[in-house]
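Read through the structure below, which is laid out as structure tokens, and then see the notes.
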Amino acid sequence: MTSTSAAARRTPPRLLVVRNDKLGDFMLAWPALACLKAAEPQPHVSVLVPAYTAPMARLCPWVDRVLIDPGEGANRRERRRLLAEVKGERFDALLTLFSTPRIGWLGWRAGIPLRFAPATKWAQLFYNRRLVQRRSRSEKPEYRYNLALAEALLDELGLALPSPPTPPFWPLPDAERKAERRRIAEELGIDSHRPWCFLHGGSGGSAVNLSPAQYAELACRIETHLDGAPSPVWLLTAGPGEEGVAEAIRERIVSAGHSAERLPSRSGLDAFARSLSAADLFIAGSTGPLHIAGCLDLPTAGFYPARRSATPLRWQTCNAEDHRLAFSPPEQAGEQDMGSIDIDAAAAQIAALLTSKLRREAST
């Protein structure tokens, strides 16, 4: 089968897309998945993801099937099971957004005729189509690198390229957002008519982040910059093992005389992600929850280190441009010196973003 034979017969091609690392990385693949599903004829899109991000993959409106990657440490039985499953799907093309030798070898052994990946490292030997990207230069957002790969694959398949997809990349119905807001209001006994500012102080074990004291100071300074807008309720979120960080931030905000609550725990990542849709504003470091909020097209404020591989540009959220703010240490500071960020200046910008959203909603 040639790379264009599926298009020639006008039958929907079967695609396997791989982004099998962390949550934030997978959320930044959603624009590429949306691009693939917009093609004509519309492809059948499967994704290969680890069990951790599988709940989000099942929520993604651009995914038809989810395959579970057992990971680098999988035993022989698990590897054979995965190979048999991939073979059985008879994919027309493999798109690996982050290339590794193991996945390249899997695609080759499974007999997938078109195997597309970034032209990086020796793993590219297993692919018969490649795109040079040089992501380490961090010259554009990660999600745009992913989009470029998706567009190149569609071109290789001879499918009609869609118009560039636009936010939200997780178009959750408004009724579901309102239901989440009602549920949280009932659980915590808080006023649903006040603005809700979600703040995620954890780092997910990878991202350099502000300290609990800095986040609490940020929240208090935002309050002082609201210029007559209603005072928000602060909702502190936490990943597994991060509950102490959330509680430390909450206690400091409350002691300063402001309203703050811990978001109730949820039964899984998917339920947690849905709860974020209730926010009027989401603040966090460069973590998975920040990128979930970006896919929902919520107003976001992200805090990033200044190192080249983790810049605000490279790990930009994929919400609309006027919905996102990003902050990092100034050039003269150390790349991970988060203490050098001007908290009051950031608070003023965040307060303006929140106020703008509230005014738009009041006028509609």
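The values are calculated or read from the model by the stated rules, or taken from the named source; none is laboratory data. In this text the structure is predicted, and so the values were computed from the model without any measurement. Reconstructed Cβ throughout: ideal geometry from the backbone, glycine too, with neighbour counts over all protein chains shown. Note: areas computed on protein heavy atoms with side chains; ligands, DNA, RNA excluded. Shrake-Rupley method; radii C 1.70, N 1.55, O 1.52, S 1.80 Å.
Dimensions of the chain from C-alpha coordinates, computed as largest minus smallest value along each principal axis and given longest first, are 67, 45, 39 Å. Protein heavy-atom surface of the chain, 1.4 angstrom probe: 49% of the accessible area is carbon and sulfur, with nucleic acids and ligands not counted. When all alpha carbon pairs of the range 1-160 are counted in 10 Å bins from zero, the resulting P(r) reads 11, 44, 38, 7, 0 %. The mean sequence distance of close C-alpha pairs (under 8 Å, at least 6 residues apart), as a share of the length of the range 123-262, puts its relative contact order at 19 percent. Can you tell me the orientation of helix 343-363 relative to the chain, as the angle in degrees between its alpha-carbon axis and the longest Cα principal axis, to the nearest 10? Here the helix axis deviates by roughly 80 degrees.
For the chain, take the longest principal axis of its alpha carbons; what is the angle in degrees between that and the long axis of helix 76-89, to the nearest 10 within 0 to 90? Rounded to the nearest ten degrees, it is 70. The three principal axes of the C-alpha atoms in the range 194-299 carry coordinate ranges of 35, 25, 23 Å, sorted with the longest axis first.
What value does the range 206-364 have for Rg/Rh, both radii from Cα atoms and Rh as Kirkwood defines it?
Details: Rg = 15.0 Å, Rh = 16.1 Å.
A ratio of 0.94.
Structure remark: mean-square fluctuation, Gaussian network model of the chain, C-alpha springs under 10 Å; the largest value among 32, 333, 346 belongs to 333. Mean separation of Cα pairs under 8 Å and 6 or more residues apart, divided by the residue count, gives the chain a relative contact order of 17 percent. Relative to the dominant Cα principal axis of the chain, helix 243-255 is inclined by about 30°. For the chain, a Gaussian network of Cα nodes joined below 10 Å ranks 49, 254, 132 by mean-square fluctuation, and the top entry is 132. The three principal axes of the C-alpha atoms in the range 32-103 carry coordinate ranges of 38, 24, 20 Å, sorted with the longest axis first.
For the range 103-167, the pair-distance distribution built from all alpha carbon pairs, in bins 10 Å wide starting at 0, is 19, 45, 31, 5 percent. Summing Cβ point charges (Lys, Arg +1; Asp, Glu -1) relative to the Cα centre of the range 1-151 gives a dipole of roughly 400 debye.
So with the 1.4 Å probe, I'd like the accessible area per residue for the chain, rounded to whole Å². Spell out each step's value before the answer.
On the way: 15670 Å² over 364 residues.
For the chain, the per-residue accessible area is 43 Å².
Basic side chains Lys and Arg get +1 at the Cβ, acidic Asp and Glu get -1 at the Cβ, and with that the dipole of the chain about its Cα centre reaches some 1800 debye. Here, the range 88-213 is characterised by an Rg to Rh ratio of 1.12, where Rg is the alpha-carbon radius of gyration and Rh the Kirkwood radius. Set the Cα radius of gyration of the range 299-364 against 2.2 N^0.38 Å, with N its number of residues, and you get 1.25.
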